[in-house]
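Heads up: the structure comes next, in structure tokens.
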Amino acid sequence: MAAEYFLFRQIKQRLKDGSAHYFYIEPDLSETEQLKALCRHYNGHIRQRAVLCLGLKREVSALVELVERVNDWVEEVARSACSSLRRWMRPEFAGVFVGGLPDIFGLLKCTRADHRGIVSEIVDYLGREENNLALLTGLKTSNPHVARLCLHLLLDNPRFSTERIFKLAMHQHDPVVRYHAAQFMLNKPERVNAEVFALLLADRFAPVKQRVLQYAENHSLPVAEKVLKGLLLDSNSLVRQRACRLYSQHYGDPQSIYLAAFHHADSRPATRKAALLGLGELRYPQVLALAEAVTEAYPFGLYFAALNILVKHHGEDARDRLIQKLSHPELAIARLARRILLRDKLLVTLADLQSSYEKAPSNEHALLAFAP
């Protein structure tokens, strides 16, 4: 207590004796908040004392300020910040360090000095057995940056159960965490069992399903027919195509499934859209007739799929149809036509744009014709 009291007295004295002009601190701030502010003072002596004082007081709420000062341009301040952080490396503060992992790992991007030493010390500290719960809790946090770093630390540490980490990661809302967990498991074939496979294929993030289906294809692993039927109608084209190949290898032609889903009266628009796109990907001979039958009165997603199929098959011949739709009364359809024209790089002349501008039913339509 005496040391931090003495340091704070020194800081106050320097602030009073006129050696620290032009640095305003709100008078109503608590002592801790004042010290946090003084960590950014222009005077290096004051910054150093503020950092040491926070370390002695173990004010872990100032972790961000101390991590920032590790990269201070004054070497004495940087050393003091590292010393204060080491004072905090106790089991009861592990959760605070986990929450500050993005800032801590951010030190590795700094070019003023090499901070790998202090970052390694913190990683070793968090990897101790008594700090297991803090990292596992960090994996479940809503902060995606913290969760991603916790996942990497957990997977790199042999003390932790891989199966437990994987299950926690697959319940994380951040798709990047789930994707990295999936990739880690698939790189260890001995850990891939039916439960892991089912959990991965049920994930809502398309790249996870793509990776798993490619793994199944590469290793000639069968996937349950019921699961593949669901994936045949996925909204992602690459998932559909990989599921289609696996279904063809193990269960037969998926064409009948797509046709049944498209024609079924109770099928949702998203299902019908996926079925129509799937038939297009299979090069079903009658897919053009099905796409032509989908009019603007249908749900927008299904109409979008049909228009894409028509453009894909007709190429440049579909250009005139799309240009006409730039002046369609429904703004959403006009935007869709413009999007496809740009995506497929179809030729649009100045005369086409002028014609579309003259027919535009609203100012928004006119902007579509000339916006970049």
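The values are calculated or read from the model by the stated rules, or taken from the named source; none is laboratory data. In this text the structure is predicted, and so the values were computed from the model without any measurement. Glycine also receives a Cβ, built like all others from the backbone with ideal geometry; neighbour counts cover every protein chain displayed. Accessible surface areas use protein heavy atoms only, side chains included; no ligands, DNA or RNA. Shrake-Rupley method; radii C 1.70, N 1.55, O 1.52, S 1.80 Å.
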Computed over the chain, protein heavy atoms only, probe 1.4 angstrom, the accessible area per residue in square angstrom equals 53
Around residue 172 (Cβ within 15 Å, Cβ-to-Cβ, excluding residue 172; K/R +1, D/E -1) the net charge comes to +4
A student applying the Cα gyration tensor rule (rounded when a/c is under 1.5; otherwise prolate if a/b is larger than b/c, oblate if not) would label region 265-342 oblate
Rounded to the angstrom and largest first, Cα extents along the principal axes for region 40-143 equal 40, 30, 23
Given pairs 57/109; 167/273; 273/312; 167/188; 325/345; 226/312 and cut-off 22 Å on Cα-Cα distance, the over-length ones are 57/109; 167/273; 226/312
Nearest 10, in degrees from 0 to 90: the angle of helix 75-87 to the longest Cα principal axis of the chain is 80
Whole-percent carbon and sulfur contribution to the accessible surface of region 152-269 (1.4 Å, no ligands, DNA or RNA) stands at 51
Under the helix-only model (-39500 (n - 2.57) for each DSSP H run of 4 or more, divided by the residues of the chain), the mean residue ellipticity at 222 nm, to 500 deg cm²/dmol, is -19500 deg cm²/dmol
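With a cap of 11 neighbouring Cβ atoms within 10 Å, and only residues DSSP puts in a loop, list the trypsin sites (Lys or Arg not before Pro) found in region 151-227.
159, 204
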Once 155, 66 are ranked on solvent-accessible area with the largest value leading and a 1.4 Å probe, the list reads 155, 66
For the chain, the longest principal axis of the Cα atoms and the Cα long axis of helix 144-156 enclose an angle in degrees, to the nearest 10, of 80
Kirkwood calc, region 114-163, C-alpha pairs only, radius in angstrom 11.3
Candidates for Rg/Rh (Cα atoms, Kirkwood Rh) are (1) 1.00; (2) 1.17; (3) 1.32, and the calculated one carries label (2)
Here region 318-329 yields Karplus 3J(HN,Hα) values (6.51, -1.76, 1.60; θ = phi - 60°; whole Hz; Gly and Pro given as x) of 7, 4, 4, 5, 5, 5, 4, 6, 4, 10, 5, x
